[in-house]
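The values are calculated or read from the model by the stated rules, or taken from the named source; none is laboratory data. Source: prediction; values computed, not measured. Virtual Cβ from ideal backbone geometry, glycine too; neighbours counted across all protein chains shown.
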Amino acid sequence: MSDKYIIEGGRPLRGEINVSSAKNAVLPIIACCAMIKDMVVLHDCELLSDVENMLGIIKSLGGKYEITGDSIVIDCKGLHFSAVNHELTGALRSSVFILGPLLARFRRAEISYPGGCDIGLRPIDLHLDGLKKLGVIIDEDNEKLRSDGRRLHAGNVTLAFPSVGATENLIMTATLTEGRTVLKNVASEPEIVDLQNFINAMGGNVHGAGTSTITVDGVKRLHGGTYSPIRDRIVAGTYLIAGSMCGGKVTVHGISSDWLTALTEKLRYAGVKITERPESITVESNGSLRMINKIETKPYPGFPTDLQAPITALMSSSIGRGYIIENLFENRFRHVAELIKMGADITVCGRAGTVRGAHLHSAQVRAEDLRGGASLVLAGLKAEGKTEIMGVHHIDRGYYKLEEKISLLGGKIKRVKISCV
Ligand code: EPZ
């Protein structure tokens, strides 16, 4: 069973918060520790449930970790090769990131298919095609994925699509592979730059992250050390959207304003006053917004798919009609049915949604996935009255103590334990 949120909405939000470490930076970095035979200390890392799951995979392979405050000490000296079982890979889609590090260290890897998730089928063909181009022999049956990297070599790979995960897996695989590997048409998200910076801080030789071409010059080994992953731009964007739609003044600290230009330009269009500084962004709004005409999700630096559900909540309570096109995932409108229970006027056809501004009211709703759950919290903060949100465990995957942060901003939100019946 999962906890629920009870939110009393209709209040402006005011205040400043420091954003926590980026889930989508920490996950590949923890996976990368599997190829490091020394101790690594990651500072300022919140223990999100997805992070705990990735640490569980490291532990299942004989690695050790210890949580001390908001630091994670990871020691993979004793890591051994074994198959990563389906309970662990099924619980965490991004378990696929362990492929690269295991191939780099042991020249072989065996994982159960991570499978799909709430938002889509989540295929890994781009990961596998890239690994094959680097000489990895892959044996796939419907359950297991066995990779033989004894003939792993440097080479050139051009991705058919700039997949974040495939980019990260190929960088990690090539890091301990002798010679120069050139990866083209790669993803350019800030989290990929952070993985490059982590690997280079541990003795690697990766360049070009943040552009469409990454070069990896293989080294013999990586050494241990300490590292602070970047802050979470999606969590930051979620709080900025909350402040914009509820009215008030909200500042998020710890993120580069460059990371969210696709969002801030849309919020400006809606009438929000934005102040951008090198390491923080402030939104000021009266809560009555002009409808954003169109949101189309794209790979970075386009509008991030992870903010599509949160911005849909904002559009639902704006004035006018707007359109949403979700290009990245085939099932990322599950929050719409729940928003409609709160009075939203949204129609969806395939990957396109039409939003007509409405007055949102409180309701009992259920989170069906991580970012969809966040959009329900935003709608609950906007709507007057008491909104109950079930399925908070989805939200815990990517938002650390969300109720504390929202309360800091003046929102009235309570987390209630649901007794197991
Ligand atoms: C990462 O997922 C993020 N997760 C996602 O965040 C994010 O939405 C996504 O990138 C896009 O930005 C992590 O970093 C842990 P992709 P990933 O490979 O790597 C298709 C969140 O809410 N594709 O860039 O899985 C895929 O189906 C999560 O924090 C293939 O077809 O994303 C999708 O349509 C959700 N074959 C598109 O590419 C492949 O081999 C983008 O996927 C790989 C992907």
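Within region 298-318, the set of residues being touching a strand residue (DSSP E or B) at 6+ places or on another chain (Cβ under 8 Å) and closer than 18 Å to residue 347 by Cβ comprises 308, 311, 312, 315, 316, 318. Just checking, does region 377-396 include any residue being among the polar types (S, T, N, Q), more than 27 Å from residue 51 (Cα to Cα) and surrounded by fewer than 17 Cβ atoms within 10 Å (Cβ to Cβ)? Within region 377-396 (the criterion being among the polar types (S, T, N, Q), more than 27 Å from residue 51 (Cα to Cα) and surrounded by fewer than 17 Cβ atoms within 10 Å (Cβ to Cβ)), the answer is no, since none of the residues qualifies. Within region 49-57, is even one residue modelled with pLDDT under 95 and in a loop (DSSP other than H, G, I, E, B)? No, region 49-57 has no match at all. Residues that are more than 20 Å from residue 13 (Cβ to Cβ) and either of a type in the set (D, E, K, R) or within 16 Å of the ligand (Cβ to nearest atom) (or both) within region 389-421 comprise 391, 393, 394, 396, 397, 417, listed in sequence order. A single entry from 276, 284, 296 fulfils the requirement of being within 21 Å of residue 9 (Cα to Cα), among the acidic types (Asp, Glu) and surrounded by fewer than 18 Cβ atoms within 10 Å (Cβ to Cβ): 284.
At least 2 residues being crowded, with 21+ Cβ neighbours inside 10 Å is the threshold, and among the strands (runs of 3 or more DSSP E) wholly inside region 61-157 those reaching it are 71-75, 108-112, 144-148. Restricting 307, 376 to residues that are aliphatic (A, V, I, L, M), within 16 Å of the ligand (Cβ to nearest atom), farther than 18 Å from residue 9 by Cβ and not in a loop (DSSP other than H, G, I, E, B) narrows the list to 307.
Checked against the criterion of being of a type in the set (A, V, I, L, M, F, W, C) and surrounded by fewer than 20 Cβ atoms within 10 Å (Cβ to Cβ), region 359-372 has no qualifying residue.
Quick grid of which residues meet (1) within 20 Å of residue 89 (Cβ to Cβ); (2) more than 16 Å from the ligand (Cβ to nearest atom); (3) in the same structural domain as residue 185 (by TED's automatic domain parsing); (4) touching a His at 6+ places or on another chain (Cβ under 6 Å):
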{"site": "127", "(1), (2), (3), (4)": "yes, no, yes, no"}
{"site": "141", "(1), (2), (3), (4)": "yes, yes, yes, no"}
{"site": "153", "(1), (2), (3), (4)": "no, yes, yes, no"}
{"site": "160", "(1), (2), (3), (4)": "no, no, yes, no"}
